Amino acid sequence: MVVPKPDLSAIACTSIVNQPTITTSEEGQQMSRTAHRILITGGAGFIGSNFVHHWCEQYPDDRVVVLDALTYAGNRQNLTSLENQANVRFVQGDICDRALVDTLLEEEAIDTVAHFAAESHVDRSILGPDAFVRTNVIGSFTLLEAFRQYWNSCNQPSHYRFLHVSTDEVYGSLGPDDPAFAETTPYAPNSPYSASKAGSDHLARAYYHTYGVPTIITNCSNNYGPYHFPEKLIPLMAINILLGKPLPVYGDGQNIRDWLYVRDHCSALDVVIHQGKPGETYNVGGNNEVKNIDLVHKLCDLMDELAPELPVRPCRELITFVKDRPGHDRRYAINATKLKTELGWTPAETVDSGLRKTVEWYLANRDWWQPLLSAEYQAYYQKVYA
């Protein structure tokens, strides 16, 4: 059920300036801030829904509007516990729908946009790149242009923000001894997905430098944690172990990723929204570089420990190497020094502590992931891994 919109006819777009400050506690410290009215796109997806939960927990007096098209990876159940909160509104809609975006910005008097909505799976971008260009490029342009005109109509308030959430994949691939990606690393995307995200990054940057729109870009490493759709590596492996199915590992399994627990990512984005500078880019990493095969081994060992009844034990017997995917980047690594030195953020979880929390969540939430293993998902799975 969609939470009904309030009567906001008396709220001007700049009224947030005059709202009282509230005091909240974050990490044991008292801080004063002005209540926000935030639009979160893609808020029913993996990272987006975790961010909605984070924001509502940290700032219960803020107005939160979630816009999500509910494609295959968007799931209203990710937000079930927030359904009845009066300050949260869910809207099913497309970020390419300019009229809808305009309406939400104006009637909700939005001052902050957190833009997560994206097609994000490399394998799907190889099979069907058109959806990635439409959502990631055209959709981001639609949001930016709507926000620009809205921001201008509100006399360009200095506290408004447009956060564009992106990926480290825009930087391409690293060799084993190459330095980690920094904010100044040249873009070199190698898949339709990463190319489409690079395009949206460039648009966000251009809107700041051309129009002065207060955009901020973040580029994160591989996220994992609760509410992760089962096509991605960690939930795929965890669920296949529970079902006694093969664990498909691309190529030789030596591809390296920097793994970032999703709630750490959310805390970083929180800091960027409140303290980051418009026009800047901040890399967000977990400081956890792990080879894919080593990550699968860690997952297998955790499942052997935590799952009381498994079809196959030890789980490592399920590992199966499959043909590598086209253009598979060899290594990603994030240098998050700027975020640490300028804004004081560091991740709280190691890959071991984060994986344990993730496995425990999937073991406790079968009712969440079992319905996602639909006929469409099974057909996709066979096409990719057969």
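Of the helices (runs of 4 or more DSSP H) contained entirely in segment 271-386, those carrying at least 1 residues that are over 23 Å from G253 (Cβ atoms) fall at 337-343, 351-364, 366-369, 375-385. Would it be correct to say that V65 is closer than 20 Å to L105 by Cα and either over 15 Å from the mean Cα position of the chain (by Cα) or small (G, A, S) (or both)? In short, yes. Which ones in segment 111-138 are aliphatic (A, V, I, L, M), open to solvent by less than 30 Å² (accessible area, probe 1.4 Å) and either modelled with pLDDT of 95 or more or touching a Gly at 6+ places or on another chain (Cβ under 8 Å) (or both)? The answer is V113, A114, A117. Only residues that are in contact with a helix residue (DSSP H, G or I) (Cβ under 9 Å, 6 or more places away or on another chain) and outside any helix (DSSP H, G or I) were counted in segment 103-116, giving 8.
Mind listing whichever residues of segment 31-54 are more than 16 Å from F162 (Cβ to Cβ) and under 18 Å from the mean Cα position of the chain (by Cα)?
Answer for segment 31-54, where residues must be more than 16 Å from F162 (Cβ to Cβ) and under 18 Å from the mean Cα position of the chain (by Cα): A44, G45, F46, I47, S49, N50, V52, H53, H54.
For D301, the requirement of being within 23 Å of G172 (Cα to Cα) and open to solvent by 50 Å² or more (accessible area, probe 1.4 Å) is not met. When each of K357, K323 is tested for being more than 20 Å from the chain's Cα centre (by Cα), farther than 16 Å from F229 by Cβ and either free of Cβ contacts under 8 Å to residues at least 40 places away in the same chain or open to solvent by 50 Å² or more (accessible area, probe 1.4 Å) (or both), the lone residue that passes is K323.
Tallying residues that are open to solvent by 10 Å² or more (accessible area, probe 1.4 Å) and not in a helix (DSSP H, G or I) within segment 46-63 yields 3. Taking each residue of segment 127-155 that is farther than 14 Å from D201 by Cα and free of Cβ contacts under 8 Å to residues at least 60 places away in the same chain and looking for partners that are of a type outside the set (A, V, I, L, M) and part of a helix (DSSP H, G or I) with beta-carbon atoms closer than 7 Å, six or more apart or interchain, yields A146/R98; A146/D102. Every condition in (1) in contact with a Gly (Cβ under 8 Å, 6 or more places away or on another chain); (2) surrounded by fewer than 18 Cβ atoms within 10 Å (Cβ to Cβ); (3) not small (G, A, S) is met by K245 except one, and the failing one is (1).
The rows are residues; the columns are (1) in contact (Cβ under 8 Å) with a residue 60 or more places away in the chain; (2) assigned to a helix (DSSP H, G or I); (3) open to solvent by less than 10 Å² (accessible area, probe 1.4 Å).
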| site | (1), (2), (3) |
| --- | --- |
| S196 | yes, yes, yes |
| G199 | yes, yes, no |
| L203 | yes, yes, no |
| Y208 | yes, yes, no |
| V213 | yes, no, yes |
| P226 | yes, no, no |
| F229 | yes, no, no |
| I234 | yes, yes, yes |
| A238 | yes, yes, yes |
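Per-residue answers, yes or no, for (1) at pLDDT below 95; (2) over 24 Å from the mean Cα position of the chain (by Cα); (3) not β-branched (V, I, T):
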site: V271; (1), (2), (3): no, no, no
site: H274; (1), (2), (3): no, no, yes
site: E280; (1), (2), (3): no, no, yes
site: A333; (1), (2), (3): no, no, yes
site: K338; (1), (2), (3): no, no, yes
site: W345; (1), (2), (3): no, no, yes
site: W368; (1), (2), (3): no, no, yes
site: K383; (1), (2), (3): yes, yes, yes
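One residue alone among W369, W345 is under 15 Å from N240 (Cα atoms) and of a type in the set (F, W, Y), and that residue is W369. Of all residue pairs spaced 6 or more apart or on separate chains, those with beta-carbon atoms under 7 Å, a first member in segment 52-69 that is polar (S, T, N, Q) and a second member that is in a helix (DSSP H, G or I) are Q58/D270. Looking at S140 and the list (1) within 26 Å of Y380 (Cα to Cα); (2) of a type in the set (S, T, N, Q); (3) assigned to a helix (DSSP H, G or I), which single condition is not satisfied? Just one mismatch for S140, condition (1).
Filter segment 163-186 down to residues that are under 13 Å from I217 (Cα atoms) and either part of a strand (DSSP E or B) or open to solvent by 30 Å² or more (accessible area, probe 1.4 Å) (or both), then give me how many there are. Within segment 163-186, residues that are under 13 Å from I217 (Cα atoms) and either part of a strand (DSSP E or B) or open to solvent by 30 Å² or more (accessible area, probe 1.4 Å) (or both) number 7.
The number of residues in segment 72-102 being among the aromatic types (F, W, Y) and not in a loop (DSSP other than H, G, I, E, B) comes to 1.
Hey, can you tell me all the residues within segment 301-334 that are small (G, A, S) and under 11 Å from L242 (Cβ atoms)? Matches in segment 301-334: A307 only. Of all the residues in segment 77-99, those that are over 19 Å from the mean Cα position of the chain (by Cα), surrounded by fewer than 17 Cβ atoms within 10 Å (Cβ to Cβ) and not hydroxyl-bearing (S, T, Y) number 7.
The values are calculated or read from the model by the stated rules, or taken from the named source; none is laboratory data. Quantities reported herein were computed from a predicted structural model and do not represent experimental measurements. Here the Cβ is made from the backbone with ideal geometry for all residues, glycine too, and neighbour counts use every protein chain on show. Note: accessible area is taken over every heavy atom of the protein model, side chains too, but ligands, DNA and RNA are not part of it. Shrake-Rupley method; radii C 1.70, N 1.55, O 1.52, S 1.80 Å.
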